[in-house]
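Asker: For reference, the structure I am asking about is given below.
What follows is calculated from the coordinates using simple rules that are stated; it is not laboratory data. Since this is a predicted model, take the numbers as computed values, not measurements. Cβ sites come from the backbone with ideal geometry, for glycine too, and all protein chains shown count toward neighbours.
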Amino acid sequence: MTEAGQRAVERLEALGRISDDPHFLLRTFLSPASRQAGDQVMEWMRAIGMSTDRARDGTLRGILPGSQPTARPLLLGSHLDTVKDAGKYDGPLGILTALAALETLGNQSLPFPVHLLAFSDEEGVRFHTTYLGSRSLAGPLDSETLAQRDASGTTVAAALAHEGFDDGVEISYSSDSILGYVEAHIEQGRVLEEAGEALGVVSAIAGQSRLTLTLTGRTDHAGTTPMPLRRDALAAAAECILHIEAQARAHPPLVATVGTLHLHPSVSNSIPGFASLSLDFRHPDPVEHRLLLARLHDTLHEVASRRELTLNWSIVQENPPVPCDPLLTRHLAEAIEQEFGICRTLVSGAGHDGVAISALGPIAMLMVRCRDGLSHHPDEFASPEDIEATIRVLVRFLKSLANT
Ligand code: HGY
Ligand code: MN
Ligand code: MN
Ligand code: MN
């Protein structure tokens, strides 16, 4: 392995040990571990001669001016936050392989600035809404997003005001002011591994709806309430969840997930009067997505009314599918073909910061094989050889972009 590759692997391990929880990997919006990880990445950026800055929300940036500092910058990077009980590659791999590629290029300066970004919140664990960091590149967050509350009732606006970096700077770009955005990311799927290929490119990022469904029945005594009189919010939620699963199974490639469930009063001898569940709903085709989501809405309302409960259907965030830029992607694919003679194109079922940055300019993604396709799991793994190959391909890509 090259020194830069070895360093990237060691740094992934090091970041994987910076967590808000002693038992599993977790870094959330403006949390202590997110700060600590950000400080560490900025140190590594400065070590290769980058100037660094950080926004109030914790998104940080390293800049290499290149030989034409006023040219439109190429953005590289990924997110620094994680899901709960995460793997150490989802996010940081994109930041650290880009850093290693720039380190490898050394003082072969590029005819455009490179801005390496580490976004503060892509997963949306704390506030359920996602891309808080990358959306802020295009300007202030909308009022609906700022009003989103976390489990403690704190809004995004309050978190920014009271927990944000007081010395934070504004990191924003107007549309068409960037050369493009390129992100390397583990595939979080099984296509590359089953094909025996290390890297691939992305044609589009699937559309995604994030919802909160709230079922309200009546809390009652578990011992004295006959079954026909019950308005049990958890039993209704259970029926809804099975309908959600059945619809997704019947309509591939639709995927639908209930990842969180909160109850009240959540004690063993009271009938749950209140259940709130998250719904993550994704489909690569926007028309099918809309149709199937509308159908599910009606099915779940029928369940609720039959059980004499109310259902509140709240859309937290929706992103349509986002195509990757053919030209940038072609440059990436050629770099992979020079390395491996072949380059596969994938659709990304996972969301990425490029969804938000596509509002600013062209985006492209480099997918990296991961073992068993596992992600959002502590056993998530990308091999040192594939990490090294990612760095080599990024160096080739940067050089080819410099020569256009
Ligand atoms: O949910 C996603 O697809 C991404 O991991 N944020
Ligand atoms: Mn990710
Ligand atoms: Mn993720
Ligand atoms: Mn009692």
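Asker: For the subset of the range 223-234 comprising residues that are surrounded by 20 or more Cβ atoms within 10 Å (Cβ to Cβ) and not in a strand (DSSP E or B), which member is nearest to ligand 2 (Cβ to nearest atom)? It would help to see each step written out before you state the result.
Answerer: First, the residues of the range 223-234 that are surrounded by 20 or more Cβ atoms within 10 Å (Cβ to Cβ): 231-233.
Subsequent filtering for residues that are not in a strand (DSSP E or B) retains 232-233.
Details: ASP232: 37, ALA233: 33 Å.
The qualifying residue nearest to ligand 2 (Cβ to nearest atom) is ALA233.
Asker: Would you pick out the residues in the range 179-225 that are within 16 Å of ligand 1 (Cβ to nearest atom), of a type in the set (Val, Ile, Thr) and under 17 Å from the mean Cα position of the chain (by Cα)?
Answerer: Those that are within 16 Å of ligand 1 (Cβ to nearest atom), of a type in the set (Val, Ile, Thr) and under 17 Å from the mean Cα position of the chain (by Cα): ILE186, VAL202, ILE205.
Asker: I'm checking my understanding of the structure. Among residues of the range 110-142 that are among the acidic types (Asp, Glu) and either surrounded by 24 or more Cβ atoms within 10 Å (Cβ to Cβ) or within 10 Å of ASP353 (Cα to Cα) (or both), which one is farthest from ligand 2 (Cβ to nearest atom)? I'd like the intermediate steps shown before the answer.
Answerer: Filtering the range 110-142 for residues among the acidic types (Asp, Glu) gives 121-123, 142.
In the following step, the residues that additionally are either surrounded by 24 or more Cβ atoms within 10 Å (Cβ to Cβ) or within 10 Å of ASP353 (Cα to Cα) (or both) were identified as 121-123.
Values: ASP121: 11, GLU122: 6, GLU123: 7 Å.
Looking at the filtered set, the residue picked out is ASP121.
Asker: Which of the residues belonging to the range 324-361 are away from ligand 1 (no atom under 16 Å from the Cβ), more than 17 Å from ILE178 (Cα to Cα) and not aliphatic (A, V, I, L, M)? Please lay out each step first, then the result.
Answerer: Step one: list which residues in the range 324-361 are away from ligand 1 (no atom under 16 Å from the Cβ), which gives 325-345, 359-361.
Checking the rest, the ones that are also more than 17 Å from ILE178 (Cα to Cα) come to 330, 332-345.
Correct list: ARG330, GLU334, GLU337, GLN338, GLU339, PHE340, GLY341, CYS343, ARG344, THR345.
Asker: Across the range 88-123, what is the total count of residues that are out of contact with any strand residue (DSSP E or B) (no Cβ under 7 Å at 6 or more places or on another chain), assigned to a loop (DSSP other than H, G, I, E, B) and small (Gly, Ala, Ser)?
Answerer: Number satisfying all stated conditions: 3.
Asker: Does any residue of the range 65-72 turn out to be away from ligand 1 (no atom under 16 Å from the Cβ), in contact with a helix residue (DSSP H, G or I) (Cβ under 6 Å, 6 or more places away or on another chain), part of a loop (DSSP other than H, G, I, E, B) and not small (Gly, Ala, Ser)? Spell out how you get there, then give the answer.
Answerer: Applying the first criterion (away from ligand 1 (no atom under 16 Å from the Cβ)) to the range 65-72 yields 65-72.
Checking which are in contact with a helix residue (DSSP H, G or I) (Cβ under 6 Å, 6 or more places away or on another chain) leaves us with none.
Checked against the condition, which is being away from ligand 1 (no atom under 16 Å from the Cβ), in contact with a helix residue (DSSP H, G or I) (Cβ under 6 Å, 6 or more places away or on another chain), part of a loop (DSSP other than H, G, I, E, B) and not small (Gly, Ala, Ser), the range 65-72 yields no hits at all.
Asker: Among (1) of a type in the set (A, V, I, L, M, F, W, C); (2) within 18 Å of ILE178 (Cα to Cα); (3) within 16 Å of ligand 1 (Cβ to nearest atom), which single condition is VAL368 missing?
Answerer: (2)
Asker: Something else now. If only one of VAL169, VAL191, VAL202 is more than 16 Å from ligand 4 (Cβ to nearest atom) and crowded, with 19+ Cβ neighbours inside 10 Å, which one is it?
Answerer: VAL202
Asker: Also, quick follow-up: Filter the range 305-357 for residues that are under 18 Å from ARG396 (Cα atoms) and of a type in the set (Gly, Ala, Ser) and give the result.
Answerer: Within the range 305-357, ALA333, ALA335, GLY341 qualify.
Asker: State whether the residues of the range 178-192 include one that is acidic (Asp, Glu) and more than 29 Å from ALA33 (Cβ to Cβ). Spell out how you get there, then give the answer.
Answerer: Our first condition is that a residue be acidic (Asp, Glu); within the range 178-192, this holds for 183, 187.
Within this subset, residues satisfying the condition of being more than 29 Å from ALA33 (Cβ to Cβ) are none.
Checked the range 178-192: no residue is acidic (Asp, Glu) and more than 29 Å from ALA33 (Cβ to Cβ).
Asker: For GLY94, all conditions in the list (1) under 11 Å from the mean Cα position of the chain (by Cα); (2) surrounded by 24 or more Cβ atoms within 10 Å (Cβ to Cβ) hold save one; what is the number of the exception?
Answerer: Condition not satisfied by GLY94: (1).
Asker: Also: Of the residues that make up the range 18-31, is at least one of a type in the set (Lys, Arg), within 16 Å of ligand 2 (Cβ to nearest atom) and surrounded by fewer than 22 Cβ atoms within 10 Å (Cβ to Cβ)?
Answerer: No: the range 18-31 contains no residue that is of a type in the set (Lys, Arg), within 16 Å of ligand 2 (Cβ to nearest atom) and surrounded by fewer than 22 Cβ atoms within 10 Å (Cβ to Cβ).
Asker: For residues that are over 23 Å from THR257 (Cβ atoms) and buried (at least 21 other Cβ atoms within 10 Å of the Cβ), scanning just the range 362-378, find the one that is farthest from the chain's Cα centre (by Cα). Reasoning before the result, please.
Answerer: To start, the set of residues in the range 362-378 that are over 23 Å from THR257 (Cβ atoms) comprises 362-364, 366, 368-369.
Subsequent filtering for residues that are buried (at least 21 other Cβ atoms within 10 Å of the Cβ) retains 363-364, 366, 368-369.
Details: ILE363: 15, ALA364: 15, LEU366: 15, VAL368: 15, ARG369: 17 Å.
Within the range 362-378, the match that is farthest from the chain's Cα centre (by Cα) is ARG369.
Asker: Would you call PRO321 closer than 17 Å to ILE363 by Cα, within 16 Å of ligand 1 (Cβ to nearest atom) and not small (Gly, Ala, Ser)?
Answerer: Values: closer than 17 Å to ILE363 by Cα: yes; within 16 Å of ligand 1 (Cβ to nearest atom): yes; not small (Gly, Ala, Ser): yes.
Yes.
Asker: Please give the number of the condition GLY354 fails out of (1) out of contact with any Gly (no Cβ under 9 Å at 6 or more places or on another chain); (2) surrounded by fewer than 24 Cβ atoms within 10 Å (Cβ to Cβ).
Answerer: (2)
Asker: Restricting to the range 1-23, what's the tally of residues that are closer than 12 Å to ALA389 by Cα and assigned to a loop (DSSP other than H, G, I, E, B)?
Answerer: The number of residues fulfilling the criteria is 2.
Asker: Which residue is farthest from THR214 (Cα to Cα), if the candidates are limited to the range 305-350 and must be free of Cβ contacts under 8 Å to residues at least 24 places away in the same chain and of a type in the set (Gly, Ala, Ser)? Don't jump to the end; show me each part of the working.
Answerer: Narrowing the range 305-350 to residues free of Cβ contacts under 8 Å to residues at least 24 places away in the same chain: 305-306, 326, 330, 337, 341.
Those left that are additionally of a type in the set (Gly, Ala, Ser): 305, 341.
On the way: SER305: 13, GLY341: 51 Å.
Per the stated criteria, the residue is GLY341.
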